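Structure record follows, encoded as structure tokens.
Derivation of every value follows stated rules applied to the coordinates shown; laboratory data play no part. Values in this document were obtained by computation on a predicted structure and should not be read as measured data. Please note: Cβ atoms are built from the backbone with ideal geometry, for glycine as well, and neighbour counts cover all protein chains shown.
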Amino acid sequence: MKSLQVKILDSRIGSELPFPSYATEGSAGLDLRALLDAPLTLAPGETQLIRTGLAIYIADPGYAGLILPRSGLGHKHGIVLGNLVGLIDADYQGELMISCWNRSSVAFTLEPGERLAQYVLVPVVQASFEVVEEFRASERGTGGFGSSGRQ
Ligand SMILES: O=c1ccn([C@H]2C[C@H](O)[C@@H](COP(=O)(O)OP(=O)(O)OP(=O)(O)O)O2)c(=O)[nH]1
Ligand SMILES: [Mg+2]
């Protein structure tokens, strides 16, 4: 388990709202809660940036954070992320923000403290680039976008 520095930016976290934790031994993600003063209704198609009250400083460029939707909210209610996936850089020290998009055709009301999305810490490899004229031939070559058919 990797240890990361975190700042709690709102005193409701740790009192009214629990500090994020892994729900089960095998959980990949930490649920992030909507830091709201009051319920917030998202009209169909509307997107709002939601505070979490947390800043997580990864520091090590060999890791990044991902903010991902929760499957239940996404599948049943069409509540997903306006940026589809949030990528949190290792050097980001600001508040984690969730772009919340109601992609459904009905209004959805977010409750204060509701678990809205999840944060996953992932390993990252930064690349350096060597410019070449030709690549050594590979089996796939330049084929893509369905070049191998559907079956
Ligand atoms: O869902 C998200 C996505 C990003 N961020 C923060 C952390 C991330 O490190 C920073 C920048 O994100 P990104 O590089 O994806 O956005 P950008 O539009 O390229 O902004 P910038 O010019 O600041 O890099 O914003 C969030 O809090 N939530
Ligand atoms: Mg960027």
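Annotations
- Taking the DSSP bridge list for the chain and keeping only pairs wholly inside it, about 95 percent are antiparallel.
- Distance (nanometres) between label positions extended 7 Å along Cα→Cβ at Glu139 and Thr109: 5.6
- Placing unit charges on each Cβ (+1 for Lys and Arg, -1 for Asp and Glu) gives segment 1-138 a dipole about its Cα centre, and among Trp101, Leu121, Gly86 the Cα reaching farthest toward its positive end belongs to Trp101.
- Segment Leu9-His75, extension gain: residue separation times 0.36 nm, minus the distance between their alpha carbons: 20.7 nm
- The string of couplings for segment 119-129 from the Karplus curve (6.51, -1.76, 1.60, θ = phi - 60°) is 10, 10, 8, 10, x, 9, 10, 7, 9, 10, 10 Hz, one whole number per residue in order, with x for Gly and Pro.
- Over the chain: helical MRE at 222 nm, DSSP H runs n ≥ 4 each giving -39500 (n - 2.57), nearest 500: -1000 deg cm²/dmol
- Taking Cα centre as origin and charging only the Cβ of basic (Lys, Arg, +1) and acidic (Asp, Glu, -1) residues, the dipole magnitude of the chain rounds to 460 debye.
- For segment 46-151, diffusion coefficient by Stokes-Einstein and Kirkwood Rh (Cα), 25 °C, 0.890 mPa s, µm²/s: 145
- Charge dipole of segment 1-113 about the Cα centre (unit charges at C-beta), most positive-ward option of Pro44, Ile8, Leu66: Pro44
- Under the simplified labelling scheme, the Val132-Ala55 pair shows an inter-label distance of 4.3 nm, with each label point 7 Å from Cα along Cα→Cβ.
- In this structure, the amide hydrogen of Ile88, modeled 1.01 Å from its nitrogen in the peptide plane, lies closer than 5 angstrom to those of Gly65, Leu66, Ile67, counting only residues at least 5 positions away or on a different chain.
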